[in-house]
Every structure is written in structure tokens, then in C-alpha cells.
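Worksheet: the structure to be examined is printed underneath.
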Amino acid sequence: MQNPFIPDYPQLPSMLPIFPLSGAVVMPGAQLPLNIFEPRYLNMVQDALGSHHLIGMIQPDDSEHSTIHQLQTTGCAARISFYNETLDGRIEIIITGVCRFDIQTELPSDRGYRLIKPNWERFESDYDFNLRTTEEKRNSIYSSLDRYLAFNALETDTDQLKKLTTPQLVNVLTTALPLSHEDKQSILDAVSFDERFLLLMAKLEMASSNNTGHLTH
């Protein structure tokens, strides 16, 4: 079922504040907690809450081919779904992924944070809430996840994961697991569910052995 607070695809904004943060990737339907304390990002949260409640999570890009002020070209918009002010001047938020975007251009901003014009077109399929997959794929994810958790001495609430659809499962694991920032970005960049599924499975298998190489996309 679609979250009633998530905007419909045609209502996605033409301007989006962005929060560059290495290793922090949120996928559609997944949640990510954030601790906000820099003045510019306090401004960003307050401004987003005064409009569409959306911010764009995107990773920095330190590679030589980077052309957009050292940002990855693809991120994911997320809705601020929980907000809490602390006595020491921080804001604790939880964001829920909505739809991925490509950066079309960067816009002027006088509030300290960066502002972009997003291009949503490549990821309209993020709104396909009725995507059906095979039970075989679902079972293979659970098997690979069990091996990954055991090998890396990690724990998770598998009962809660079993309540998710298979596409949701892939998105939540991509967001929550301690994958490298390169691996998270490669999955984020993949448009189709099948490609994201294969990338996640490959990463889980590599991280369940002595092979610690990163995926490339």
C-alpha cells in the first residue's frame, strides 16, 4: 500500500534541497535516521518542513570524472517523516525514501545549503507499487542475508523484514546494511528492480566470504 503522505509522481517538486553525506543512501520506501546540527542543514530542514517536506540525499563524488561540484549525479528524495528538537540545538529526523533523481542543474541558494533542479524521469518506476516478483528471488535474498549476517557477526529483525514485499526488502537492505558507499551507490543507480536485486545479491555473497572487493556499475 502506498504511504498516504508520499506525494504522487506528478506532484514531485521542481526544486530540491540536497544533503550530501558519504555512506548515507536512502532508497524508496526505506527509512533513515539523521542527526542535524550544522546551521545550513538546520535551515534546510526548517525550509523543507515549510514546503514539501522533501530533501535529497546524495553522496559526494571524489573521483576524477566528477563534474557537478564533486557530487554523485544520482540521489534519492526523501520525506521528513519524524522530527524532534533537542535541548542542545540539534534536530533528530527520520526520512522516508520517495523517488530517486538525477541532478539536472544546480540552482542559486542563499540559505547555506545546496539546491538543485532534479530530473525524475529515469526513476518513474519507483512509483510502481504493484511490482510482482518470484518467491524464488525472495527466498534467495533470505538465504544470502542469513550467510551475510552470520559471517559478519551482525543481527537484524528478520521477522520485520518478512513483512516487506521483495522490492521493499531490496531497498531496505540497501539502505540499512553496512555496505560500502560505492556498493550503495551502484545499487541506487540501477533503474530496474532486477538489476538492483542482482547487485545486492552479489554484494551479500562477496561480503560473506574472504572476497572484499566492491561492486561496479
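The values are calculated or read from the model by the stated rules, or taken from the named source; none is laboratory data. Everything quoted here is computed from the prediction, not taken from an experiment. Backbone-built Cβ (ideal geometry, glycine too); neighbour counts: all protein chains shown. Quick note on the areas: whole protein, heavy atoms, side chains included, nothing else; ligands and nucleic acids left out. Shrake-Rupley method; radii C 1.70, N 1.55, O 1.52, S 1.80 Å.
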| task | Quickly run through the range 18-72 and pick out the residues that are farther than 29 Å from Lys163 by Cβ, part of a loop (DSSP other than H, G, I, E, B), of a type outside the set (Ser, Thr, Tyr) and open to solvent by 20 Å² or more (accessible area, probe 1.4 Å). | result | Phe37, Glu38, Gly50, Asp62, Glu64, His65, Ile68, His69, Gln70, Gln72
| query | Has the range 196-214 got any residue that is of a type in the set (Val, Ile, Thr) and either under 23 Å from Ser63 (Cα atoms) or modelled with pLDDT of 95 or more (or both)? | reply | yes
| said: For the range 107-211, give me every one of the helices (runs of 4 or more DSSP H) that falls completely inside it and has 2 or more residues that are hydrophobic (A, V, I, L, M, F, W, C), open to solvent by less than 60 Å² (accessible area, probe 1.4 Å) and over 21 Å from Gln31 (Cβ atoms). | reply: 193-206
| request: Output the number of the condition that Arg100 fails; it satisfies all remaining conditions of (1) closer than 16 Å to Asp8 by Cα; (2) modelled with pLDDT of 95 or more; (3) of a type in the set (D, E, K, R); (4) open to solvent by 40 Å² or more (accessible area, probe 1.4 Å). | output: (4)
| query | Are any of the residues in the range 33-44 within 11 Å of the chain's Cα centre (by Cα) and within 24 Å of Leu179 (Cα to Cα)? | reply | no
| query | If you check every pair at least six apart or on different chains, which have Cβ atoms under 6 Å apart with a residue in the range 39-64 that is closer than 17 Å to Lys117 by Cβ first and a residue that is open to solvent by 50 Å² or more (accessible area, probe 1.4 Å) and of a type in the set (Val, Ile, Thr) second? | reply | none
